[in-house]
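Peer 1: First the structure, then my questions, so here it is.
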Amino acid sequence: MSASANRVTTHQTFCRVCHASCPIEVDVQMGRAVEIRGVPEDPIFAGYTCIKGRQLPDQMTHASRLRESLRRRPDGSFETVTSGDALDGIAAELRRIIDTYGPRAVASYTGTGGYQNSLAVPAARAFHQGIGSSSFYTSVTIDQPAKGTAPFRTGIWEAGYHNFTDADVLMAVGYNPMVSSFGPVGGLQGTNPFVVMREAKKRGLKLIVIDPRRTELATQADIHLAVKPGEDPTLLAGITRIILEEDLFDHEFCDAWVSDMDALSESVRPYTLDYVARRCDVPADDIVAAARMFAAGRRGTVGAGTGPNMAPHSSLAEHFVIVLNTICGRVNRAGDRVESGYFLYPDMPRRAQVIAPRNPTPGPEARVRSLHGMRGEMPTTTLAEEIINPGEGRIRALIVSGGNPVVAWPDQELTISAMKDLELLVVLDHRMSATAEFAHYVIAPTLSLERADVPHLMDRWFREPYTNYTEAVVPRIGDVLNEWEFFWEITRRLEVPLPFPGGPAPTDHHPTDDEIIELAYAGSRMPMNEIRQNRMKVHPEKALRVQPADADCSARFTLASDDIVSELADILRESDSASFLGVDGSEYPFRLVSRRLKHVLNSLGTELPGLAAKGTTNPAYMNPDDMAEHGLADGDIIEITSPRASLHGVVEAAPDVRRGVISMAHSWGGSSLTDEKVRDIGAPTSRLVSVDQGYDRVTGMVVQSAIPVKIRMFEAARR
Ligand SMILES: Nc1nc2c(c(=O)[nH]1)N[C@H]1C(S)=C(S)[C@@H](COP(=O)(O)OP(=O)(O)OC[C@H]3O[C@@H](n4cnc5c(=O)[nH]c(N)nc54)[C@H](O)[C@@H]3O)O[C@H]1N2
Ligand SMILES: Nc1nc2c(c(=O)[nH]1)N[C@H]1C(S)=C(S)[C@@H](COP(=O)(O)OP(=O)(O)OC[C@H]3O[C@@H](n4cnc5c(=O)[nH]c(N)nc54)[C@H](O)[C@@H]3O)O[C@H]1N2
Ligand code: SF4
Ligand SMILES: [Mo]
């Protein structure tokens, strides 16, 4: 071996384990990533990385990584196949299914793994366009779908709400960027969150956190409201009432832009301080203090995360986020600077005016619960039934791109039945996931360092107008395909186009990642060749500026439409959040809430020793007083029962969790419904979730947090 082959070269790229896109430097030796570091000179990340990103070299070469595709044999076992043979077999099956049942029978689901690749969602969308199937699904509709629908119901402020950077108050409802790197627009995003929050506090930011857990974010809060899970709509309606009653809202803005202030006041009138404090189990004085603190800020927003978006009445929770930001006038005005660059998308007007309310779910009708598609996709909460329920339009083939339905979709038992019922299940995953076990084909994908990419999610969330780009920094290991290549190869075989915004993918040659990026992000505000030359760069001179309203703009916000008013009345009739599922809350004294863990990304992580060292189960975190009352100690296994099903959890004491709550991460465990290996692989909280008992009428979102549960000792830890 020559000395030059052994040479270490260093490449700048960015991490794509999660959406945060932290810049990293990778040392490469003999075609392998051998070490990674943060980039201290990056203008917004300043060297930040997390434990997951630091495992990238191991992830690329670990024994668990699939380097070849797999095909199921008639006896149920898997054999390795070349990607070419797998693609031929899959295309033939898809042709048969389309010819027999029509294109709607072919569905795809892009999950969190796919979302970290800037081409996976555009390629899946293009595939559906190419074959003429509306059955396009992603994890967004089991995440926070109301974020996409609530604004259409009220009307949208075209210039957006205030930025985090110059906020003097922030109200964070059920999100925890210190662990998740996630924050809603206007909230703290995952770019170096600890330092950014410390500096914001230093410049005087007031922080209000609403969370049943005293989270890493809540420890920094000026006011922490440890709300009962599932009661955010009540709490936010109560805060709205105080702000209206004490006359703390922005009259000038509301007079100009809100059509129904009286109806709004009327709709929250029953949400009195006493009622709200009792129902949410939060001290009345703290609620008043939070309302006043928020209203007193000049700049800054309320935002909600997965907590309220997965709890009962999720659309209403997002609705009140908009209400509070609107009545307090926390909108960007003419001349204001928009903090993110939106460089990867076509330039859009940003006027200081309202876009009129419209139907939030204009898509095709699902075959269950009268739900409809939204933002170009269908609701994933219906997909298992779309597969199982007979009749015209039934889904027969499913392509899972970087997702893990068996542990992530609501109702695990139903999901497994659906996986078994499919005539064709293709899973693109670099691991033998719980879902891949059921596949007819498992396609081995490229991993991040083997792909070119742009930070397509963070582009709208970065705290600065910042751009980055990466080419592939290591050669591919094995016979692997980028997600877009899978769809390209399939459409070529089906002889249909793969149409991107910039035109169909070429078929006269094998395109490069960069060619497809050009097509998928065609018409971007910053041309792609310029983005490629602007890595880790802030462009203050290119920040978006808000323009004045059109003189003839007559659109106004509607903050208390009839359906909102009637849902607010429903809550008053429900005795507590369990009523939303049609069950008696007293039978289920605990609420199981979702959370994220630093060392995993949903189901991804513990196959790598560096992450497994931090824990191999998703503990059932409980308040020590609840544990004492139930005679429980750390390491005991409890049975947790919801109205739908039971699962096992390994108890761990957590004083930061309020009483009556079990805080447990999702997407753990395997395909067993009985959790024999709970200490080694955890158990999926999705098993406890029903798809049809308690669902949001607009989005179809189900109750994945604040799940009513009861517990009993199952097996004491060996002591
Ligand atoms: N009860 C309950 N249910 C929930 C939630 C909850 O909080 N509680 N959370 C919901 C939310 S927010 C989400 S987003 C969903 C998550 O739902 P999913 O996205 O379906 O689940 P993940 O476990 O994230 O699956 C991602 C898969 O992508 C694979 N992967 C990683 N990198 C790559 C890659 O580069 N290419 C490919 N092809 N694959 C890759 C991983 O190995 C993993 O198997 O679950 C939802 N379900
Ligand atoms: N390390 C790591 N990072 C991740 C992920 C991961 O698995 N690990 N997953 C990624 C994904 S898919 C997503 S969608 C984002 C999510 O990002 P976040 O929304 O920030 O998710 P969490 O950190 O779970 O924060 C949710 C918070 O809501 C609280 N909560 C639960 N129920 C309720 C409720 O009824 N009301 C209120 N007010 N609060 C409630 C929980 O206690 C928790 O602190 O994170 C992403 N980032
Ligand atoms: S926060 Fe996300 S992008 Fe950043 S290093 Fe961790 S996993 Fe990678
Ligand atoms: Mo998510």
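Peer 1: Once label points are set 7 Å from the Cα along Cα→Cβ at both residue 358 and residue 195, what is their separation, rounded to one decimal in nm?
Peer 2: Between residue 358 and residue 195, the simple spin-label model gives 4.3 nm.
Peer 1: Rg/Rh for segment 256-413 to two decimals, with Rh computed the Kirkwood way over all alpha-carbon pairs.
Peer 2: A ratio of 1.03.
Peer 1: Using alpha-carbon pairs under 8 Å, 6+ residues apart, how would you state the relative contact order of the chain in percent?
Peer 2: The normalised contact order for the chain reaches 19 percent.
Peer 1: Here's another thing I want to ask about it. So for segment 193-347, what percent of the C-alpha to C-alpha distances run longer than 24 Å?
Peer 2: Of the Cα pairs, 36 percent sit more than 24 Å apart.
Peer 1: Next question. Only bridges with both residues in the chain count here: give the DSSP antiparallel percent, nearest 5.
Peer 2: The antiparallel proportion sits near 60 percent.
Peer 1: Net charge within 14 Å of residue 193 by Cβ-Cβ distance, Lys/Arg positive one each and Asp/Glu negative one each, not counting residue 193 itself?
Peer 2: Values: positive: 198, 201, 463, 596, 598; negative: 199, 216.
Once all neighbours under 14 Å are counted, the net charge is +3.
Peer 1: Karplus couplings for segment 396-407 from phi (6.51 cos²θ - 1.76 cosθ + 1.60, θ = phi - 60°), rounded to Hz, Gly and Pro as x?
Peer 2: 10, 10, 9, 10, 9, 10, x, x, 9, x, 4, 10
Peer 1: Starting at the first residue of segment 570-581, write each ³J(HN,Hα) from the Karplus equation 6.51 cos²θ - 1.76 cosθ + 1.60 with θ = phi - 60°, in whole Hz, x for Gly and Pro.
Peer 2: Computed from phi, the couplings for segment 570-581 are 4, 4, 4, 7, 7, 6, 7, 5, 5, 4, 4, 8 Hz.
Peer 1: Could you tell me what a quarter of the Cα convex hull surface of the chain works out to, in nm² with one decimal place?
Peer 2: 31.5 nm²
Peer 1: Can you compute 3J(HN,Hα) from phi for each residue in segment 109-117, using the Karplus curve 6.51 cos²θ - 1.76 cosθ + 1.60 with θ = phi - 60°, rounded to whole Hz and x for Gly and Pro?
Peer 2: The phi angles translate into 9, 9, x, 4, x, x, 4, 7, 10 Hz.
Peer 1: Let me ask you something else. Taking H placed 1.01 Å from N in the peptide plane, check which residues at least 5 places from residue 544 or on another chain put their amide H under 5 Å from its amide H.
Peer 2: HN-HN under 5 Å from residue 544: 338.
Peer 1: Over segment 594-719, consider all pairs of different Cα atoms and compute the Kirkwood hydrodynamic radius from their mean reciprocal separation; express it in Å, one decimal.
Peer 2: Details: mean 1/r = 0.0666 Å⁻¹.
So the Kirkwood estimate lands at 15.0 Å.
Peer 1: What list do you get for 611, 424, 188, 673 if you sort them by fewest beta carbons within 10 Å?
Peer 2: 673, 424, 611, 188
Peer 1: Sticking with this one: How large is the convex hull of the C-alpha atoms of segment 295-363 per residue, in Å³? The partial results should precede the final answer.
Peer 2: Working: hull volume 11.1 nm³, N = 69.
Taking the convex hull of the Cα positions in segment 295-363, it is 161 Å³ per residue.
Peer 1: Under a 5 Å amide H to amide H cut-off, with H placed in plane at 1.01 Å, what residues pair with residue 591 once short-range neighbours are removed?
Peer 2: 661, 662, 709
Peer 1: A further question follows. Can you check what the Kirkwood hydrodynamic radius comes to for segment 216-259, Cα pairs only, in Å to one decimal? Numbers along the way, then the final one.
Peer 2: On the way: mean 1/r = 0.0783 Å⁻¹.
Evaluated over segment 216-259, this radius sits at 12.8 Å.
Peer 1: What base-10 log of the normalised intensity I(q)/I(0) is obtained for segment 1-84 from the Debye formula, alpha carbons as equal point scatterers, at q = 0.19, 0.21, 0.22 Å⁻¹?
Peer 2: The Cα Debye sum returns log10 ratios of -0.88, -0.96, -1.01.
Peer 1: Follow-up question, since we're still on this one. For residue 81, what residues show an amide H to amide H distance below 5 Å, using hydrogens built from the backbone and excluding near sequence neighbours?
Peer 2: Close amide H contacts, sequence-distant or interchain: 69, 70, 71.
Peer 1: What does the charge add up to near residue 406, with Lys and Arg as +1, Asp and Glu as -1, over the other residues with Cβ less than 14 Å from its Cβ?
Peer 2: Cβ neighbours under 14 Å give a net charge of -3.
Peer 1: Mind computing the radius of gyration and Dmax over the alpha-carbon atoms of segment 245-288? Å is fine for both.
Peer 2: According to the Cα coordinates of segment 245-288, Rg and Dmax are 13.0, 36 Å.
Peer 1: Given 37 °C and 0.692 mPa s, how large is the Stokes-Einstein diffusion coefficient of segment 450-598 in µm²/s, with Rh as the Kirkwood radius over Cα pairs? Provide the component values of the computation, followed by the final result.
Peer 2: Numbers: Rh = 21.3 Å.
This corresponds to a translational diffusion coefficient of 154 µm²/s.
Peer 1: So what is the 222 nm mean residue ellipticity for the chain from helices alone, if each DSSP H run of at least 4 adds -39500 (n - 2.57) and you divide by all residues, rounding to the nearest 500 deg cm²/dmol?
Peer 2: Working: 25 runs with 208 residues, N = 719.
Mean residue ellipticity at 222 nm (helix-derived): -8000 deg cm²/dmol.
Peer 1: Ratio of Rg to Rh for segment 337-446, alpha carbon only, Kirkwood?
Peer 2: Using Cα coordinates only, the ratio equals 1.11.
The numbers here are math on the coordinates, done by the rules we state, and not lab data. Quantities reported herein were computed from a predicted structural model and do not represent experimental measurements. When we count neighbours, we look across all protein chains shown, and the Cβ atoms used for this are built from the backbone with ideal geometry, even at glycine.
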